[in-house]
Amino acid sequence: MSQHPIELLIQKADKAINQEDFDTLINIYADDAILVIKPNVNATGKAQIKEAFGKIADYFEHTLDVKQAEMKILETGDTALVLAKTIVSAKNYPTVERRATYVFKRDTNGGWLCAIDNSYGHDLLESDKQSA
């Protein structure tokens, strides 16, 4: 069975994050995309997202390793929801499994672009309860 084009894009994004190739990474995002940096902190648009990934790399002492352990893609029309088990680790950070959610939209050329990158998934709901 061949891989879904979005799965290939996510693999490309993970590789770009791990190698700090932010020029390649940013081309996977829609112009108005949202990246959840941490609960209650987002970056919006390619410029903010690229800047955020640079700061994230610094925070993780340039040892960030991101990979997907499992993925389910639900697609309808020009929209796809991705549910993923994302493994995040770094030299200064314990290995954690996040239940990520990503939203992709088709572009005018029929390709896919990430519109929402939320590696925290439903954990955002818990963070909202803790801050209330």
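The values are calculated or read from the model by the stated rules, or taken from the named source; none is laboratory data. Note that the structure is predicted; figures quoted are calculated from it, not measured. Every residue, glycine among them, receives a Cβ derived from its backbone with ideal geometry; neighbour counts consider all protein chains shown.
A few notes on this one:
- Residues in segment 115-130 that are modelled with pLDDT of 95 or more and more than 18 Å from Asn18 (Cα to Cα): Ala115, Ile116.
- For segment 83-114, taking the residues that are at pLDDT below 95 and polar (S, T, N, Q), the one that is farthest from Thr44 (Cα to Cα) is identified as Asn92.
- The residue of segment 1-22 that is surrounded by the most Cβ atoms within 10 Å (Cβ to Cβ), among those that are without any contact (Cβ under 8 Å) to a residue 24 or more places away in the chain and under 19 Å from Ala57 (Cβ atoms), is Ala16.
- Among residues of segment 35-82 being farther than 17 Å from Tyr102 by Cβ and among the polar types (S, T, N, Q), the one that is surrounded by the most Cβ atoms within 10 Å (Cβ to Cβ) is Gln48.
- Counting only strands (runs of 3 or more DSSP E) that sit completely within segment 29-132, those holding 1 or more residues that are at negative phi and without any contact (Cβ under 8 Å) to a residue 40 or more places away in the chain correspond to 29-38, 41-44, 65-76, 79-90, 93-106.
- Filtered residues of segment 83-112 (kept if crowded, with 16+ Cβ neighbours inside 10 Å and under 14 Å from Tyr29 (Cβ atoms)): Tyr102, Val103, Phe104, Lys105, Trp112
- Qualifying residue in segment 23-46 (condition: out of contact with any helix residue (DSSP H, G or I) (no Cβ under 8 Å at 6 or more places or on another chain) and among the small types (Gly, Ala, Ser)): yes
Residue-by-condition table, conditions (1) closer than 23 Å to Asp23 by Cα; (2) among the hydrophobic types (A, V, I, L, M, F, W, C); (3) in contact with a Cys (Cβ under 6 Å, 6 or more places away or on another chain):
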residue	(1), (2), (3)
Ala57	yes, yes, no
Asp65	yes, no, no
Gln68	yes, no, no
Glu75	no, no, no
Ile87	yes, yes, no
Asp107	yes, no, no
